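Report on the following structure.
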Amino acid sequence: MPSFRFESTVDGPVADVFAWHTRPGAMERLTPPWESLQVVDRSGGMQDGGTVTLRFRRGPVPITWTVKHTAFEPGVLFRDEQVEGPFKRWVHTHRFEAEGTDRCRLVDEVEWEVPLGLLGEAFAGWAVESDLRRLFRFRHDRLAGDLHRLGQADLGPNLRIGITGASGLIGRELTPLLTAAGHAVVPFVRPGRRGDGDAIRWDPDKGELDPRDLSGLDAVVHLAGESISGGRWTPEKKARIKESRTLGTRLLADALARAPSRPGVLVSSSAVGYYGDRGDAIVREDSDPGKGFLADVCREWEGATVPAERAGIRTVHLRAGIVLSPRGGALAELLTPFKAGVGGRVGTGRQFMSWIDIDDFCGLVLFALGKGTVRRAVNATAPLPVPNATFADTLARVLGRPALVPFPSLAVRAVFGEMGRTLLLEGARVLPDRAEHAGFHFLYPSLEESLRHQLGRHEDPMERTGNGGDGS
């Protein structure tokens, strides 16, 4: 029967690393972002007999996969055995071995068997091995990154953190990052949306949010806002973009200021659109605001938090660049044409793209929550912004495709109007000075590092893998 082994050493006592794997959110954090996998059911916890049911697709085929936890030994190991799924047999053993007092060796051992015996193994075995290498390289890298970020943030134990926009691209990554660390996440839920009993109900359109519901929160992360992409900017669309940010933020800030007990910190999204179109000039947090629709929106967006600041709540505005994840946003939209070999630069390709890996963005949120000296504007961008043409060439190289089909400026303006001109043809070279000066460490400072991590396209797929690979 084929077997696979992957191991690495991570920073953290073995008891802490084991506990991380047993908490809600750990499975979501370890799921590769290039997969369509969803956790659809859990029962019985991590103890022997507990089950997890996953759903994903292989091409057009939906697949349901149920595994049962066995051999649970706290601080030592647990095992997942397939009950129903794509394999004839699947046994995955997670082992945890102490290396001194502050390091842990994590060992993943998989025994697998595909249907049709040797014939199935001959046709599918190489694909299974390749997928396992990609999967566990990502899982170990993300685990090490999460443990590093949590240690760097130093949030303290068992916080209760409210999140608006928890169902959005960033919220779906930030929530499991926090819950796997042992914190409680309380989502803000709009009318008609489902939420558990601990959710906070609010209606930004009607200005409804009870300050009493905010009592007991240690911190709030404000991510909600109308998407700025997805079609031309009609007057109605521009009004929704502006009002969803300014009215919602003002409602939240007013309610926080009037809450019977206030959280210590509010981390509120903003965007590098604050700086407008700046060519190749270097832009930092103390640079003047730019001109144009997005610059105006960002100024009002940040200004709407004033009631919370005046009430003594430490407030941080994260001016986000292009957040890179294959699960949504700009990167997800670019993958289809670039995989098909019809991607390329937009316009001249000289406009700068200030980007950030989604894992680093979530890490910066944690850092802002825990670092008491961080306040007001912080550029949430990687330290190495690139021109659009470089972005296109790098993405194509990571995917193993050419980047020979440009998108001319005239076509951008004709198809997308003001939205296309602002988002695709303009740019700013934004640097994260305040984050770096405060001590934040980017795990993915270069574009190619980020893309290879998020897409599972490492150049050294055999590193730290295979039977007997030590992972160090």
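The values are calculated or read from the model by the stated rules, or taken from the named source; none is laboratory data. Note that the coordinates shown come from a computational prediction; the quantities given were computed from them, not determined experimentally. All Cβ positions, even for glycine, are placed from backbone atoms using ideal geometry, and neighbour counts span all protein chains on display. Keep in mind that these areas ignore ligands, DNA and RNA; they rest on the heavy atoms of the full protein, side chains included. Shrake-Rupley method; radii C 1.70, N 1.55, O 1.52, S 1.80 Å.
Of (1) without any contact (Cβ under 8 Å) to a residue 60 or more places away in the chain; (2) open to solvent by less than 60 Å² (accessible area, probe 1.4 Å); (3) more than 29 Å from Gln454 (Cβ to Cβ), Gln82 satisfies all except one. Which?
Only one criterion is unmet by Gln82, namely (3).
Out of all the residues in segment 297-308, which are under 27 Å from the mean Cα position of the chain (by Cα) and open to solvent by 10 Å² or more (accessible area, probe 1.4 Å)? Give the steps one after another, and end with the answer.
First pass over segment 297-308, keeping only residues under 27 Å from the mean Cα position of the chain (by Cα): 297-305, 308.
Selection gives Arg299, Glu300, Trp301, Glu302, Gly303.
How many of the residues in segment 30-49 are part of a loop (DSSP other than H, G, I, E, B) and under 30 Å from Leu399 (Cα atoms)?
8
Could you please let me know if Arg142 is part of a helix (DSSP H, G or I), of a type in the set (Lys, Arg), open to solvent by 40 Å² or more (accessible area, probe 1.4 Å) and in contact (Cβ under 8 Å) with a residue 40 or more places away in the chain?
Values: part of a helix (DSSP H, G or I): yes; of a type in the set (Lys, Arg): yes; open to solvent by 40 Å² or more (accessible area, probe 1.4 Å): no; in contact (Cβ under 8 Å) with a residue 40 or more places away in the chain: yes.
So Arg142 fails the test.
Here is a yes/no grid of residues against (1) open to solvent by 30 Å² or more (accessible area, probe 1.4 Å); (2) under 16 Å from Ile161 (Cβ atoms); (3) of a type outside the set (Phe, Trp, Tyr):
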{"site": "Leu178", "(1), (2), (3)": "no, yes, yes"}
{"site": "Phe188", "(1), (2), (3)": "no, yes, no"}
{"site": "Gly192", "(1), (2), (3)": "yes, no, yes"}
{"site": "Asp205", "(1), (2), (3)": "yes, no, yes"}
{"site": "Ser215", "(1), (2), (3)": "yes, yes, yes"}
{"site": "Lys242", "(1), (2), (3)": "yes, no, yes"}
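Please go through segment 247-286 and pick out each residue that is hydroxyl-bearing (Ser, Thr, Tyr) and crowded, with 19+ Cβ neighbours inside 10 Å.
Passing the criteria: Thr249, Ser268, Ser269, Ser270, Tyr274, Tyr275.
Any idea which of (1) open to solvent by 40 Å² or more (accessible area, probe 1.4 Å); (2) under 17 Å from the mean Cα position of the chain (by Cα) is the one Arg319 doesn't satisfy?
(1)
Out of Arg29, Arg5, Arg55, which single residue is touching a strand residue (DSSP E or B) at 6+ places or on another chain (Cβ under 6 Å) and under 21 Å from Asp141 (Cβ atoms)? Even if it seems obvious, please write down each step before you answer.
Details: Arg29 fails: touching a strand residue (DSSP E or B) at 6+ places or on another chain (Cβ under 6 Å); Arg55 fails: under 21 Å from Asp141 (Cβ atoms).
On inspection, the qualifying residue turns out to be Arg5.
Criterion first (surrounded by 15 or more Cβ atoms within 10 Å (Cβ to Cβ) and not in a loop (DSSP other than H, G, I, E, B)) does Glu7 satisfy it? Explain how you work it out, then say what you get.
On the way: surrounded by 15 or more Cβ atoms within 10 Å (Cβ to Cβ): yes; not in a loop (DSSP other than H, G, I, E, B): yes.
In short, yes.
Among the residues of segment 150-172, write down those that are modelled with pLDDT of 95 or more, out of contact with any Lys or Arg (no Cβ under 8 Å at 6 or more places or on another chain) and in a helix (DSSP H, G or I).
Matches in segment 150-172: Ile170, Gly171.
Would you check if Met27 is open to solvent by 50 Å² or more (accessible area, probe 1.4 Å) and either in a loop (DSSP other than H, G, I, E, B) or within 21 Å of Thr175 (Cβ to Cβ) (or both)?
Numbers: open to solvent by 50 Å² or more (accessible area, probe 1.4 Å): yes; either in a loop (DSSP other than H, G, I, E, B) or within 21 Å of Thr175 (Cβ to Cβ) (or both): yes.
For Met27, the condition - open to solvent by 50 Å² or more (accessible area, probe 1.4 Å) and either in a loop (DSSP other than H, G, I, E, B) or within 21 Å of Thr175 (Cβ to Cβ) (or both) - is met.
Restricted to segment 311-326, and to residues that are in a strand (DSSP E or B) and among the aliphatic types (A, V, I, L, M), which residue is farthest from Ser229 (Cα to Cα)?
First pass over segment 311-326, keeping only residues in a strand (DSSP E or B): 314-320, 322-325.
Add one more test, that the residue is among the aliphatic types (A, V, I, L, M), and what stays is 316, 318, 320, 322-324.
Values: Val316: 24, Leu318: 19, Ala320: 15, Ile322: 12, Val323: 13, Leu324: 15 Å.
Applying the filter and picking the extreme gives Val316.
Please specify each residue of segment 338-352 satisfying the condition of being under 30 Å from Thr31 (Cα atoms) and either of a type in the set (Gly, Ala, Ser) or open to solvent by 40 Å² or more (accessible area, probe 1.4 Å) (or both).
Lys339, Ala340, Gly341, Val342, Gly343, Gly344
Pairs under 8 Å by beta carbon, first residue crowded, with 16+ Cβ neighbours inside 10 Å in segment 36-54, partner not in a strand (DSSP E or B), six or more apart or different chains?
If the second residue must be not in a strand (DSSP E or B), the pairs left are Leu37/Thr31; Met46/His21; Met46/Thr22; Gly50/Gly44; Thr51/Gly44; Val52/Met27; Leu54/Leu37.
Restricting attention to segment 168-202, which residues are under 20 Å from Ala253 (Cα atoms), of a type outside the set (A, V, I, L, M) and in contact with a helix residue (DSSP H, G or I) (Cβ under 9 Å, 6 or more places away or on another chain)?
Result: Pro187, Phe188, Arg201, Trp202.
Please work out which residue is farthest from the chain's Cα centre (by Cα), limiting yourself to segment 217-233 and to residues that are over 14 Å from Trp301 (Cβ atoms) and either open to solvent by less than 30 Å² (accessible area, probe 1.4 Å) or at pLDDT 95 or above (or both). Break it down into steps so the answer makes sense when it comes.
From segment 217-233, those over 14 Å from Trp301 (Cβ atoms) are 217-221, 227, 229-233; that's our starting set.
Imposing the further condition that a residue be either open to solvent by less than 30 Å² (accessible area, probe 1.4 Å) or at pLDDT 95 or above (or both) reduces the set to 217-221, 231, 233.
Details: Leu217: 23, Asp218: 22, Ala219: 19, Val220: 18, Val221: 14, Gly231: 24, Trp233: 27 Å.
Among those residues, the one meeting the criterion is Trp233.
Check Asp254 against each of (1) under 26 Å from Pro385 (Cα atoms); (2) charged (D, E, K, R); (3) part of a helix (DSSP H, G or I) and name the one condition it does not meet.
With (1) under 26 Å from Pro385 (Cα atoms); (2) charged (D, E, K, R); (3) part of a helix (DSSP H, G or I) applied to Asp254, the lone miss is (1).
Of the numbered conditions (1) free of Cβ contacts under 8 Å to residues at least 40 places away in the same chain; (2) surrounded by fewer than 18 Cβ atoms within 10 Å (Cβ to Cβ), Trp65 satisfies every one except a single condition; which is it?
(2)
Within the set of pairs 6+ apart or on separate chains, which have a first residue in segment 267-293 that is part of a helix (DSSP H, G or I), a second that is surrounded by 17 or more Cβ atoms within 10 Å (Cβ to Cβ) and charged (D, E, K, R), and C-beta atoms under 6 Å apart?
From residues that are part of a helix (DSSP H, G or I), the pairs are Val272/Arg319; Tyr274/Arg319.
With the requirement that a residue be among the aliphatic types (A, V, I, L, M), open to solvent by 10 Å² or more (accessible area, probe 1.4 Å) and part of a loop (DSSP other than H, G, I, E, B), what does segment 353-392 give you?
Correct list: Val374, Leu384.
Answer yes or no as to whether Asp131 is without any contact (Cβ under 8 Å) to a residue 24 or more places away in the chain, over 13 Å from Cys362 (Cα atoms) and not in a loop (DSSP other than H, G, I, E, B). Even if it seems obvious, please write down each step before you answer.
Details: without any contact (Cβ under 8 Å) to a residue 24 or more places away in the chain: yes; over 13 Å from Cys362 (Cα atoms): yes; not in a loop (DSSP other than H, G, I, E, B): yes.
So Asp131 passes the test.
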